[in-house]
Amino acid sequence: MVNMIRIYQSVATLIGAIVGVGIFGIPYVVSKSGFLIGVIFLFILTLAVLLLHLYYAEIILRTPGRHRFVGYSYKYLGRFGKIIAGIISIVIFYGALLSYIIVGGSFLKIIFDGNEFMWSIVFFFVCSLLVLFGLEFIAPLEILMSLFLVLVVILVLIIGFPYINYSNLKTIDFSNFFLPYGVIFFSLLGQVAVPEIKEILKDKSHKIKQVIILGTVIPAIIYFLFAFIVVGITGKNTSEEAMEGLSYFFHSSYIVLVAIFGVLAVASSFLILGINLKKIFWYDYNINKHIAWLLTISVPFLAYVLNLRDFIKVIGSIGACFCAIQAIILIVIYHKAKRLSKRTPEFSLNLPVFLSWSLVIFFILGIFYQVRYIF
C-alpha cells in the first residue's frame, strides 16, 4: 500500500511540474496551424520529452549523490558546461515568470474587468511580495494547482461539447506549420521534477521508468482534450490564452470560474518558480537574500513593462530556443554518463545513438525556425 502511494505521489509530482501556463497557449497555435498538424506535433514532442525525462532519470540513477541539472552539467561537462547550463536554466525561469505575469493579468481582467496591463502589474506585485517572504507552504500546493487546471479542462469539455463545430478541426495552414512546436515543447517539459521523483520512490527506484511514462503521457492527453474542445468551438477565433475566445460561447459565470481556477494555478506556479530562482541566486551563487529576490523579480517585470507581452512568442521562444538548448545539453550529459559512470542503474534504455542525434538536429531546426518567426 505504501509503495503504491509513493508511485501515485511520484506520478502526481511529475504531472504537477508539467501541467502549467502552457496549456492555455496550445489551442491558439493549434488553431493557426490546423488541428491535425498540432496533434502530430503533440505526439512527436510527447515521445521526445518522454525520452528526455527517461535520459535524465538514467543520469540520476547512474550518478551517486544528490544533484540537479546544473550539478550534472558540472560533473560531466566541466566548469564551462555548468556556466552554460546555469544561464540557460535562469533564462527559462525568467521566461516562465514573464508568461505568468502576462496570463495572470489576462485572467484578472476576465474576473474583474478593467485594464489588462494594470491587472498584470497588480498580479506581479502581490506574487513578488510573497516570493520575498518565501512562503514555503506554497510548494505543496503545486499538485493541487495542477488539479485546478485539470478541472478547467473537464469544465470546458462538459460545457463546451455541444458547441463544437467539427469543420474547425479540419482546416490546415502550412504557412504556420512549425508554430505549435515551441509552445507545445515548453508545455510538456517537467524534468525539474525527475530528481524529486527518485527521492520520493526511495528504494523503489526501479519504478521510475513506469512513473515517468505515466506522468508524461497523462499531461499530453489533457492537452489534446483541451485543444480539441477549444479549437473545435472557437476555430480561427481562438485567443492566445484560450479563455477570451470562449467568452462568446460560454455564459460569463463559467468563464469567470475558469479564470479563477486559472489565476490560482498561475499564481502558485509563479511563487514556486520565483522562490526556487531566488534560492538559486541565494544558495548557489552566494548572493544576498534580498538582492537575490530583486534579481528574481526585476527581469520579468522590466521585460513586461518594456512591452514583451506576446504570450505565444514568449513561451514559444523559451520552448523552441532555450528549452531546446537545455535538451541538447541533457542528451550530451546522458551519453557521457553512460560512458563514464561506474554505477549500474536500475534501468538502462540502450537505444540506438542515432535517435539522440536525430533529436539534436530536430531541436536545432526548431531554434532556427523560432528565430525566423520572431524577426
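Structure values in brief
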{"read-out": "Residue in segment 107-126 that is touching a Ser or Thr at 6+ places or on another chain (Cβ under 6 Å) and surrounded by 22 or more Cβ atoms within 10 Å (Cβ to Cβ) present", "value": "no"}
{"read-out": "Exclusive hit being within 25 Å of Leu52 (Cβ to Cβ), without any contact (Cβ under 8 Å) to a residue 40 or more places away in the chain and either open to solvent by 20 Å² or more (accessible area, probe 1.4 Å) or part of a helix (DSSP H, G or I) (or both), set Ile208, Ile221", "value": "Ile221"}
{"read-out": "Selection from segment 7-54 of residues that are outside any helix (DSSP H, G or I) and more than 13 Å from the chain's Cα centre (by Cα)", "value": "Gly34"}
{"read-out": "Given (1) at pLDDT 95 or above; (2) open to solvent by 10 Å² or more (accessible area, probe 1.4 Å), index of the condition Arg79 fails", "value": "(1)"}
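The values are calculated or read from the model by the stated rules, or taken from the named source; none is laboratory data. Just so you know, these numbers come straight off a predicted model, no measurement behind them. Neighbour counts are summed over all protein chains in view; Cβ atoms, including those assigned to glycine, are modelled from backbone coordinates with ideal geometry. Areas reflect the complete protein model, heavy atoms only, side chains present, ligands, DNA and RNA absent. Shrake-Rupley method; radii C 1.70, N 1.55, O 1.52, S 1.80 Å.
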